[in-house]
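The values are calculated or read from the model by the stated rules, or taken from the named source; none is laboratory data. Source: prediction; values computed, not measured. Heads up, the Cβs are rebuilt from the backbone with ideal geometry, glycines too, and the neighbour counts pull from every protein chain shown. Please note that ligands, DNA and RNA were not included when accessible areas were found on the heavy atoms of the full protein model with its side chains. Shrake-Rupley method; radii C 1.70, N 1.55, O 1.52, S 1.80 Å.
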Amino acid sequence: MSSGETMDDEDTFKILIATDIHLGYLEKDAIRGNDSFNTLDEILKCAKTNQVDFILLGGDLFHDNKPSRRCLHSCITMLRQYCMGDTPIKFNILSDQAVNFNTTQFPWVNYQDENLNISIPAFSIHGNHDDPTGAEGLCALDLLSASGLVNHFGHSQSVERIEISPILMQKGNTKIALFGLGSIPDERLYRMFVNNQVTMLRPKEDQDEWFNLFTIHQNRSKHGPTNYIPEQFLDEFIDLVVWGHEHECLIAPSRNEQQLFYVTQPGSSVATSLSPGEATKKHIGLLRVKGRKMNLQKIPLKTVRQFFIQDVVLDDYQDRFTADTPQVTKKVEDLCYAKVTEMLQEAERERLGCPLTPEKPLIRLRVDYTGGFDTFNTSRFSQKFVDQVANPKDIIHFLRRREQKEGIKDEVNVDYSKLIKTTAVEGLRVEDMVKEYFEATEQTVQLSLLTEQGMGKAIQEFVEKDEKDAIEELINYQLEKTQRHLQGRAVTTEQDIDTEIQRFRDSKKNTTEEENEIKEAFNRAKAHRLERGNEPVDFDVSNELELDSDEGPAPFSPPARGRGRGGRGRGGRGRGRGATASEPKPAGRGRSHKSSASTQSRSIMQAFQASSQRSSRIADEVTIDDSDEDMPVMKVTRPPSRSAASSSLSFNKYSSQSQSQASKGVAFDDSDDDDDEDPFKGPSHRSRK
């Protein structure tokens, strides 16, 4: 029997793996607007060509939390074109689908719906870009799930305890337990792992016969003490982890020698930032599983726009010029011109024979001008390549090496340009910038009612999800709670009030109570917006400049001038680089900033004594089920038109920190280019010991 027949027999699962498609990224850009749509079309076409059993997506299918109509329309069109048809489905689902698909009113896999004709099922978890928001806890994937195009799984509805129940699949003699966990704030999930609050369920029967596949969407690289998920937190019985969120393509599975499982990181299919991690060649994976053996084949994407990045340190060119050389700026500009030209020539050579590759590449030249060099006009420089590159506005990026932090004694000595500009270079998130700001400022301007985490989350909601009332509602909510606390304590003097407020604020830091209060404030903001009948308005980002960071969503463009008064309009909230670097930037904008400013103008005593004139707006609460009892899997309820064998299985619980599992062996063939090799070899020296 040939290798191809062995690989594609009736016992072999064929799974197409992709993560971080970011559909709709820069969709209004004249040059790059169709990049994400073209790549999704290529991915789905590849799935149909290879006749896969199903598609597994690792989060961030959409780039925006509220995708535009054009984005949703294009996605639905492509899913209907490639995933619907008469091709029979050759695997069965044995688990309780009402538990697996708990976010929809149709709790069964889409191919078993008698009203749909699905040929390639797609299973997806949500990412941090398209995560559930609002009182209803809905996301864009839930729209696709309700329409029967995508099976959304891995959504945890509890903030106290996470219980991951797998989707149990069987094809012939091969059994797969598919675990999924949608994006959760890394700090919270880290704490839950440490406190043994994450539980993964396993079938009690025939545990050694299941191939355990886990899909997660979190930080893999360490961005802070708890702002990532170590691989050691995951259970050792897992065979393969599909890791989303990280954009660098490291799709060749790497073995974790401590937990004895493999990790594959497909990376993003479109470059959303001009960072070195995005410059690696983009791939998707074709995973074959037979019994307990697997093979992962890399498939290069041909529609991805080329991206070249290079670093230039001016101090390394002492033989050509120094900071004191006459006309040194002109010589530096000539050097940069030569470097950009070299990258364009390399892009042209690589594009030969690839008609699907976009014509204009992405070019980024990072220039380190430490040592007394001056910068040149980047806009004038970019005009030379406006017809040759896809990102003419941000080809050149000047940076300096970080200098030693000096002791900050008062606010006058705070260099706000360093706090804001360098964090953008390092790719910090909004809440990280807020935290660093308050760490650098003096005691007199520290927050009194809010915590740094709460303020950072509110600003993130305002910036990334367009919740205009997030900051205002958080301030008002905390003010009300503090007033009730002080009334209960019967504190009267101003000094005692300040002390009690500080104690009350510190007692909630980094606790579940703080997270619940933040969530409640955001629910209020959403409810307030719904009361007013405001709906999000699409805005033009065709001219937006991309933030110079290694990760994170694209920023807004600088506000246009001369277009009406717009003092509180959308243009007034732009986050561009138009502001002078030395000027301190306010934490809030628009109406939210105005509200926080008015709140700060009152003393705590005045706020405590003043009667509330604001009408209360209480959002609907979400019922949370914290039950962690052993629960047997019920028989699957399926429409009679498509019958599938249903098994009554029960689960065992395994804490994420338990190390009681017996060792197991998974034979893995990491050859991804030689299709003639048989991937289903017996246990070898790579087996777990």
Problem set entry | Checking THR272 against (1) outside any strand (DSSP E or B); (2) of a type outside the set (Gly, Ala, Ser); (3) open to solvent by 10 Å² or more (accessible area, probe 1.4 Å), the condition it does not meet | (3)
Exercise. Restricting region 79-115 to residues that are in contact with a Lys or Arg (Cβ under 7 Å, 6 or more places away or on another chain) and among the hydrophobic types (A, V, I, L, M, F, W, C), which is nearest to ILE55 (Cα to Cα)?
Worked result: PHE91
Exercise. Inside region 38-65, can you point out the residues that are open to solvent by less than 30 Å² (accessible area, probe 1.4 Å), within 14 Å of ALA122 (Cβ to Cβ) and either in a helix (DSSP H, G or I) or among the polar types (S, T, N, Q) (or both)?
Worked result: LEU40, ILE43, LEU44, CYS46, ALA47
Problem set entry | region 66-110, residues that are open to solvent by 70 Å² or more (accessible area, probe 1.4 Å) and in contact with an Asp or Glu (Cβ under 7 Å, 6 or more places away or on another chain) | ARG70, LYS90, PHE106
Exercise. Applying the selection to region 220-269, what residues are β-branched (Val, Ile, Thr) and either touching a Cys at 6+ places or on another chain (Cβ under 7 Å) or outside any strand (DSSP E or B) (or both)?
Worked result: THR226, ILE229, ILE238
Problem set entry | Lone unmet requirement of (1) over 29 Å from LEU234 (Cα atoms); (2) surrounded by 20 or more Cβ atoms within 10 Å (Cβ to Cβ) for GLN327 | (2)
Exercise. Are any residues in region 351-377 under 31 Å from the mean Cα position of the chain (by Cα), surrounded by 14 or more Cβ atoms within 10 Å (Cβ to Cβ) and not in a strand (DSSP E or B), and if so, which ones?
Worked result: ARG351, THR357, PRO358, LYS360, PRO361
Exercise. Picking from ARG32, ARG80, ARG70, which residue would you name as being among the basic types (Lys, Arg), more than 19 Å from PHE153 (Cα to Cα), modelled with pLDDT of 95 or more and not in a helix (DSSP H, G or I)?
Worked result: ARG32
For this session: Evaluate region 380-392: report whether one residue or more is under 26 Å from PRO326 (Cβ atoms), of a type in the set (Gly, Ala, Ser), touching a residue at least 40 places away in the same chain (Cβ under 8 Å) and in a loop (DSSP other than H, G, I, E, B).
Result: no
Exercise. What single numbered condition from (1) among the polar types (S, T, N, Q); (2) open to solvent by 30 Å² or more (accessible area, probe 1.4 Å); (3) under 13 Å from LEU57 (Cβ atoms) fails to hold for SER156?
Worked result: (3)
For this session: Just give me the residues in region 284-298 being surrounded by fewer than 22 Cβ atoms within 10 Å (Cβ to Cβ) and either β-branched (Val, Ile, Thr) or under 27 Å from ARG364 (Cα atoms) (or both), in sequence order.
Result: LYS298
Seminar exercise, completed: Of all helices (runs of 4 or more DSSP H) fully inside region 450-518, the set with 3 or more residues that are of a type in the set (Gly, Ala, Ser) and under 30 Å from the mean Cα position of the chain (by Cα) is 452-464
Problem set entry | Residues located in region 160-179, provided they are under 18 Å from PHE54 (Cβ atoms) and open to solvent by less than 10 Å² (accessible area, probe 1.4 Å) | PRO166, ILE167, LEU168, MET169, THR174, ILE176, ALA177, LEU178, PHE179
Exercise. Within the set of pairs 6+ apart or on separate chains, which have a first residue in region 23-49 that is in contact (Cβ under 8 Å) with a residue 60 or more places away in the chain and of a type outside the set (Lys, Arg), a second that is assigned to a strand (DSSP E or B) and open to solvent by 10 Å² or more (accessible area, probe 1.4 Å), and C-beta atoms under 7 Å apart?
Worked result: CYS46/ILE299
For this session: Exactly one condition in (1) at pLDDT 95 or above; (2) touching an Asp or Glu at 6+ places or on another chain (Cβ under 9 Å); (3) surrounded by fewer than 22 Cβ atoms within 10 Å (Cβ to Cβ) is not met by LEU250; state its number.
Result: (2)
Exercise. Could you say whether any residue in region 224-243 is acidic (Asp, Glu), open to solvent by less than 10 Å² (accessible area, probe 1.4 Å) and closer than 30 Å to ASN516 by Cα?
Worked result: yes
For this session: Give the number of residues within region 186-223 that are out of contact with any Leu (no Cβ under 8 Å at 6 or more places or on another chain), surrounded by fewer than 17 Cβ atoms within 10 Å (Cβ to Cβ) and either under 19 Å from PHE153 (Cα atoms) or basic (Lys, Arg) (or both).
Result: 3
